[in-house]
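Worksheet: one structure, shown below.
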Amino acid sequence: MLRLRWLCLTKLGTFAGALVLFTFCGVACHKPASSANRLTTSGPLKPCKLPGIDEELLCGKLTVFENRVTRAGRTIDLNVVVVPALDPSRIEEPLFDLAGGPGQASTGGADYYAREGKEYRRHRDVVLVDQRGTGSSNPLTAPPKTRSPQDYLTEMYPVEYVKTMRQALEQRADLTQYTTSIAMDDLDDVRAWLGYERINLVGISYGTRAVLVYLRQHPDRVRSAILMGVAPTYLKMPLYHARAAKRAMDLLLQECVSDAACQQAFPQIQSEWTEVLERLGREPVRVEYSSPDKSANVTVEIQRDIFAEKLRNRMYSRESAAGIPLIIHQAAQGDFSPFLKEAIPADRSVPDFIADGMYLSVTCAEDVPFIDQDEAAKANAGNPFGNYRVVQQTRACSIWPQGKIPDGYHEPVSSDIPVLIFSGNVDPVTPPERGEEVASHLPNSRHVIISHGAHGIDGLTNVECLDNLMLEFLAKGNARDLDTTCVERVLPPPFITEGSK
C-alpha cells in the first residue's frame with residue numbers, strides 16, 4: 001500500500017543557469033527507448049544500488065543554493081532517487097512521492113516501490129527527493145547520543161536539547177531557509193533537471209501540505225495529485241492536535257465497546273481511560289523498567305502529559321492503536337509494563353526517522369507563530385490531551401530562528417487539476433474535516449473517507465482496494481468516475497486483548 005514528460009525546457013529554475021540548461025537538453029531533447037536510458041545517457045543520474053534492494057535504481061545529486069533569494073553562499077546537494085518505469089514502451093508522467101513529518105526522507109520509500117508498490121511504476125518513473133533538511137539533503141538532525149530509558153519519557157522538546165541542537169546545526173545551515181515554499185521551488189528544479197514537463201504528486205501527512213504548496217507555486221507543472229491525511233497550509237500545527245486526538249480516542253474506545261472480544265476483556269475501558277489520566281495528573285508514577293537486552297532494571301517516571309502523548313502517537317496507525325485498550329486497562333490496574341514496552345524501543349541505538357531541526361524550521365515559520373496562545377489554552381482546556389503540544393512547540397520556537405513565509409501562505413489552495421483525497425475517520429491529527437475543507441477549494445477533486453482508517457493505513461485489511469483506486473486515478477487522470485464502494489471492506493485489525501487478566 002502507498003505510504004503512506006517530455007519537453008525541452010527553456011525556462012530555468014533558480015539553480016545555476018548554464019549547467020542546468022545543458023543538462024535539460026542532454027536529457028529531454030532526445031527520446032531514448034527507456035526511462036533508464038533517458039535519465040542516464042548524457043544525463044544527470046547514474047545507476048545505483050541501495051541497501052536491501054536488489055534492483056538497480058537511478059541516483060543523483062542536484063546542487064541548489066541554500067538561500068534561493070541571494071543565490072550566493074552555502075549550497076545543498078539534494079538527494080534524488082528514481083525508481084524507473086518497468087515498461088519502456090509507454091512512458092507516462094512520473095509520480096513524485098513527498099514524505100511526511102516534516103522531517104522524513106522521501107528516498108526511504110524506494111524499498112516500497114521496488115517491491116510491493118511496483119505496479120505504480122508500470123508506465124511511469126517514481127521520483128523520490130529528500131527535501132532540504134531531511135535524509136541525505138543536509139539533514140537537520142540533532143547530534144547523536146546514547147539514550148536512557150527515561151529519555152523516551154521526557155518532554156518532547158527540552159530547552160537544553162533545543163539549544164544544543166540549534167548550536168550544532170547553525171554550524172552548517174541557515175535554519176530560516178528550510179520552509180515548505182523554498183523546498184517546493186527546489187522540487188521544481190529537480191523536475192526540470194530530470195526533463196519532465198508535468199508530474200503527478202502524492203503526499204501523506206505533511207507531504208500533503210508540500211503537494212498543495214507546489215501546486216500553488218507551479219500549477220502548470222502538475223497533472224494530478226493524491227493526498228492522504230491532509231495537513232493544509234492554515235492548520236497552525238499543533239493547535240488542533242488535542243481536539244483531533246480526543247475525537248479519535250473516543251471513536252477507538254467506542255469501537256472497543258462494540259467489539260465482543262474487546263468489551264469482554266475491558267468492560268470499563270472508557271472510565272479506565274479517565275481514571276488513569278486523573279491518577280497521573282495528581283502525581284507521576286515511578287515504576288521499574290526491564291530492558292529487553294537484559295541490562296539492569298531501572299526506575300523510570302511516567303508523567304500524565306507524556307503518557308497521553310505517547311498514546312496519541314500510537315493512534316496514527318490502526319496496527320499500533322489495536323493495543324491501546326490493553327495499555328489503558330493494565331495501567332488502570334497499576335501495571336505500566338505494556339505501555340513501557342511500546343514507549344521505549346528495544347533497540348535504543350536506532351535514530352529517529354524525523355529530523356527534529358527540520359520539523360522546527362517548518363513549524364516555527366509556518367504554524368506556531370500564528371497560534372493565539374489564549375485561544376489554544378481555552379480550546380484545549382478539559383481535553384484529555386491538554387495543551388501539551390502547543391506549550392512544547394511554542395517554547396521550542398521561542399529558541400529557534402523563524403523563517404519567512406510568502407504573503408497569503410495560509411490561504412486555501414485552489415486549483416482545477418484532478419485531486420484524489422483520502423481521510424481516515426479515526427485519524428488523531430488530520431480528521432476528515434480537513435479533507436472536506438481542502439476539497440471545497442478543488443472543484444475537480446474527490447474526497448474518500450476510510451471509515452476505520454487512521455493517519456495511515458498500517459494494519460488495515462483489504463488495502464488493495466485503495467491501491468487500485470489510486471492506480472485507476474493515475475491512469476485516468478480523473479477521480480469522478482471511480483467506484484469507491486470497496487472502501488467499505490477496508491477493516492481494522494482485531495484489538496489486542498491477551499495479557500489483560
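With an 8 Å cut-off on Cα pairs and a minimum separation of 6 or more residues, tell me the relative contact order of the range 240-381 in percent. Mind dumping the intermediate values first?
Values: 85 pairs, mean separation 31.3, N = 142.
Result for the range 240-381 is 22 percent.
Whole percent per 5 Å bin, from 0 to the bin with the longest distance: what is P(r) over all C-alpha pairs of the range 375-440?
3, 12, 13, 15, 21, 20, 12, 5, 0
Cβ under 14 Å from Ile421's Cβ, Ile421 left aside: what net charge do those residues give with Lys, Arg +1 and Asp, Glu -1?
Numbers: positive: Arg209, Arg434, Arg446, Arg480; negative: Asp427, Glu433, Glu436, Glu437.
That sum, taken over residues with Cβ under 14 Å, equals 0.
Are there GluC sites (Glu not before Pro) in the range 86-169 that DSSP puts in a loop and that have at most 13 other Cβ atoms within 10 Å, and which ones?
Glu116
How much of the pair distance distribution for the range 91-158 lies past 19 Å, counting alpha-carbon pairs only, in percent?
Roughly 51 percent, rounded to a whole number.
Which whole-number percent of Cα pairs in the range 306-442 have a distance greater than 21 Å?
61 percent
If you take the square roots of the eigenvalues of the alpha-carbon gyration tensor of the chain and sort them as a ≥ b ≥ c, do you get rounded (a/c under 1.5), prolate (a/b over b/c) or oblate?
prolate
What is the percent carbon and sulfur in the accessible area of the chain, measuring with a 1.4 Å probe over the protein chains and ignoring ligands?
It is 50 percent, rounded to a whole number.
Would you please classify the overall shape of the range 134-207 from the alpha carbon gyration tensor, given that a ≥ b ≥ c denote the square roots of the eigenvalues, rounded means a/c under 1.5, and beyond that prolate means a/b larger than b/c while oblate covers the rest? Don't jump to the answer; show the numbers that get you there.
On the way: a/c = 3.01, a/b = 2.09, b/c = 1.44.
Prolate shape, in that a/c is at least 1.5 and a/b is the bigger ratio.
Please report, in Å, the Rg and the Dmax of the range 135-178, where both are computed over Cα atoms only.
Over the range 135-178's Cα set, Rg and Dmax evaluate to 12.0, 34 Å.
Please report, for the Cα atoms of the range 410-501, the Rg to one decimal and the Dmax as a whole number; what are they, in angstrom?
15.2, 56
Can you check what the net charge comes to around Gln373, using other residues whose Cβ is under 15 Å from the Cβ of Gln373 (Lys, Arg +1; Asp, Glu -1)? Spell out each step's value before the answer.
Numbers: positive: Lys236, Lys378, Arg389, Arg395; negative: Asp367, Asp372, Asp374, Glu375.
That works out to 0.
Taking the Cα centre of the range 387-482 as the origin and placing charges on Cβ (Lys, Arg +1; Asp, Glu -1), which of Cys397, Leu420, Gly456 is farthest toward the positive end of the dipole?
Value: Cys397.
Over all directions, average the projected area of the Cα convex hull of the range 169-259 and note it in nm².
9.0 nm²
With θ set to phi - 60°, apply the Karplus curve 6.51 cos²θ - 1.76 cosθ + 1.60 along the range 319-334 and write out the HN-Hα couplings as whole Hz, x wherever there is a Gly or Pro.
Each residue of the range 319-334 in turn: 5, 7, 5, 4, x, 5, x, 4, 4, 5, 4, 5, 5, 5, 8, x Hz.
Take the alpha carbon gyration tensor of the range 246-285, find the square roots of its eigenvalues, order them as a ≥ b ≥ c, and report rounded if a/c is under 1.5; if not, report prolate when a/b exceeds b/c, else oblate. Could you put the intermediate results ahead of the total?
On the way: a/c = 3.91, a/b = 1.83, b/c = 2.14.
Here the range 246-285 falls in the oblate category.
Just the number, please: percent antiparallel of the DSSP beta bridges in the chain, rounded to the nearest 5.
The antiparallel fraction comes to roughly 50 percent.
How much net charge surrounds Pro431 when only the other residues with a Cβ under 11 Å from the Cβ of Pro431 are counted, with Lys and Arg +1 and Asp and Glu -1? Spell out each step's value before the answer.
Details: positive: Arg243, Lys246, Arg247, Arg434; negative: Asp427, Glu433, Glu436, Glu437.
In short, 0.
What are the ³J(HN,Hα) values, in whole Hz, obtained from phi via the Karplus relation 6.51 cos²θ - 1.76 cosθ + 1.60 with θ = phi - 60°, for each residue of the range 348-365 in sequence order, with x given for Gly and Pro?
7, 8, 6, x, 5, 8, 9, 7, 4, x, 5, 4, 6, 4, 6, 6, 6, 9
How large is the dipole of the chain about the Cα centre if only Lys and Arg carry +1 and Asp and Glu carry -1, each at its Cβ, rounded to the nearest 20 debye?
The dipole of the chain has a size of about 1060 debye.
When every alpha-carbon pair in the range 73-117 is counted, what percent end up more than 15 Å apart? Mind dumping the intermediate values first?
Working: 554 of 990 pairs.
Every Cα pair in the range 73-117 considered, those over 15 Å come to 56 percent.
Going down the list Lys236/Lys378; Lys246/Lys341; Lys310/Lys378, which pairs span over 19 Å between their C-alpha atoms?
Correct reply: Lys246/Lys341; Lys310/Lys378.
Ignoring everything except DSSP H segments at least 4 long, calculate the 222 nm mean residue ellipticity for the chain; use -39,500 (n - 2.57) per segment, divide by total residues, nearest 500.
The per-residue figure over the chain is -10500 deg cm²/dmol.
Could you work out the Kirkwood radius for the range 39-113, taking every pair of different alpha carbons, averaging 1/r and inverting it, reported in Å?
About 14.4 Å, per the Kirkwood formula over Cα pairs.
Can you list the chymotrypsin sites (Phe, Trp or Tyr not before Pro) in the range 341-433 that are in a DSSP coil and have 15 or fewer other beta carbons within 10 angstrom?
Taking the range 341-433 and a limit of 15 other Cβ atoms within 10 Å, the loop chymotrypsin sites (Phe, Trp or Tyr not before Pro) found are Phe353.
Measuring from the lowest to the highest alpha carbon on each principal axis, how far does the range 258-385 reach, largest first, in angstroms?
45, 37, 30
The values are calculated or read from the model by the stated rules, or taken from the named source; none is laboratory data. What you see is a predicted model; the values in this text were computed from it and never measured. Cβ sites come from the backbone with ideal geometry, for glycine too, and all protein chains shown count toward neighbours. Note: areas computed on protein heavy atoms with side chains; ligands, DNA, RNA excluded. Shrake-Rupley method; radii C 1.70, N 1.55, O 1.52, S 1.80 Å.
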